[in-house]
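Step one of this worksheet: look at the structure below.
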Amino acid sequence: MNEYFCLNGQGRKAVRSSYFRIGHAFLFVAPNRENLITLYFIMKRRHFVKASLLTPVAAQLTHTVSAKSAASQPKADLEFYELRIYTLKNGQQLKLVQDYYKQAAIPALNKLGSKSIGVFTEYLAGGFTKLIALIPYASIDSFLRINNQLALDAAYQQAGAAYLTADGSTPAYERVESSLLQSFTMMPKLEIPEKKPRLFELRRYESPGVAAGKKKVEMFNEGGEISIFKRVGLTPVFFGEALIGPLRPNLTYMLTFDDMAEHDANWKTFSADPEWKKVSAMPEYANAKIISNINRMFLVPTDFSQI
């Protein structure tokens, strides 16, 4: 390969280019403003024929340059989420935990930089069973810093005293299960839906092993499943891979709908989508290989939830 200088396509600026000799012809490769490449064949002296970018050589070179350009683009910072699932036995516990979030936790967390706190109860639950809290953090450092600062926040401690100091005689809850999740590259930030009456679906996919769990995350990201979700109306709020928590390896995500009728209709559309059928038919993404259990909950936001 040799290098030479030539005028660009409009004949206005000299650019460094390269050329290859192919038989009796010369193939010239010149970069343009979009970091793609323009190819020219010299078949006869002073006669330039612009080659189609669909030729094998051009296609390969274009792919290489584009891939390098994409790889050089900065990736969005990933968020982290603490997902808490409370097991409750009566209305007294439900009120105590809700009051804690409404009067103490949400104001304090917001002040310290953790915004968009979600607090939900189960939809059509058989009695008082679960309360779910979702707390976003900009980074792991933010997670550690904020939790340390809460311990030193006198106003927070006072507002949340009934919850924070509850003992065995009047427990605030039966148990709380907590997981730390990292967002997905194809949806690095939590997306807040419009504030109106709505239904949420929280889904956890458990995998039989570490590689299988990573493959399911890949299916959502590079495999295009997140894009298909958004196109067919399965509106996501967040996706997160569990870094710490029970039943690992697993990932959790949340979807939102106007009501159960829309939920059923949009899942039906997703199942019939040609692109989804193509992706799900790939052997490496077969459910039997990468998913061992699916758990789901239907949720409604409390009147003070920020999601």
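What the table shows:
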quantity	calculated
Subset of the range 274-291 [over 21 Å from the mean Cα position of the chain (by Cα) and either of a type in the set (Val, Ile, Thr) or surrounded by 15 or more Cβ atoms within 10 Å (Cβ to Cβ) (or both)]	Lys289
Members of the range 222-245 that are farther than 20 Å from Asn266 by Cα and touching a strand residue (DSSP E or B) at 6+ places or on another chain (Cβ under 6 Å)	Gly240, Glu241, Ala242, Leu243, Ile244, Gly245
Residue list for the range 279-307, restricted to those being out of contact with any Asp or Glu (no Cβ under 8 Å at 6 or more places or on another chain) and of a type in the set (Lys, Arg)	Lys289
Subset of the range 162-215 (residues that are assigned to a loop (DSSP other than H, G, I, E, B), among the hydroxyl-bearing types (Ser, Thr, Tyr) and at pLDDT 95 or above)	Thr165, Tyr173, Thr185, Ser207
Members of the range 160-183 that are open to solvent by less than 70 Å² (accessible area, probe 1.4 Å), under 30 Å from Lys89 (Cβ atoms) and of a type in the set (Ser, Thr, Tyr)	Tyr163, Tyr173, Ser178, Ser179
Single residue of the range 111-145 satisfying the filter (touching a residue at least 60 places away in the same chain (Cβ under 8 Å) and over 27 Å from Met260 (Cβ atoms)) that is least open to solvent (accessible area, probe 1.4 Å)	Ser142
Residues (free of Cβ contacts under 8 Å to residues at least 40 places away in the same chain, closer than 27 Å to Pro136 by Cβ and β-branched (Val, Ile, Thr)) located in the range 257-307	none
Residue check, Gln157 at pLDDT 95 or above, open to solvent by 20 Å² or more (accessible area, probe 1.4 Å) and over 15 Å from Met254 (Cα atoms)	yes
Any pair with Cβ under 6 angstrom, 6 or more apart, that starts in the range 207-235 at a residue that is free of Cβ contacts under 8 Å to residues at least 60 places away in the same chain and ends at one that is open to solvent by 60 Å² or more (accessible area, probe 1.4 Å)	Asn221/Thr185; Asn221/Met186; Ile226/Met186; Ile228/Glu275; Val232/Thr269
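Okay, residues lined up against (1) closer than 18 Å to Arg204 by Cα; (2) open to solvent by 50 Å² or more (accessible area, probe 1.4 Å); (3) small (Gly, Ala, Ser):
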{"position": "Ile228", "(1), (2), (3)": "no, no, no"}
{"position": "Thr235", "(1), (2), (3)": "yes, yes, no"}
{"position": "Leu243", "(1), (2), (3)": "yes, yes, no"}
{"position": "Pro246", "(1), (2), (3)": "yes, no, no"}
{"position": "Thr252", "(1), (2), (3)": "yes, no, no"}
{"position": "Thr256", "(1), (2), (3)": "yes, no, no"}
{"position": "Ala261", "(1), (2), (3)": "no, yes, yes"}
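The values are calculated or read from the model by the stated rules, or taken from the named source; none is laboratory data. Just so it is clear, the model here is predicted, and its values are computed rather than measured. Here the Cβ is made from the backbone with ideal geometry for all residues, glycine too, and neighbour counts use every protein chain on show. We work out accessible area using only protein heavy atoms, side chains counted, and drop any ligands, DNA or RNA first. Shrake-Rupley method; radii C 1.70, N 1.55, O 1.52, S 1.80 Å.
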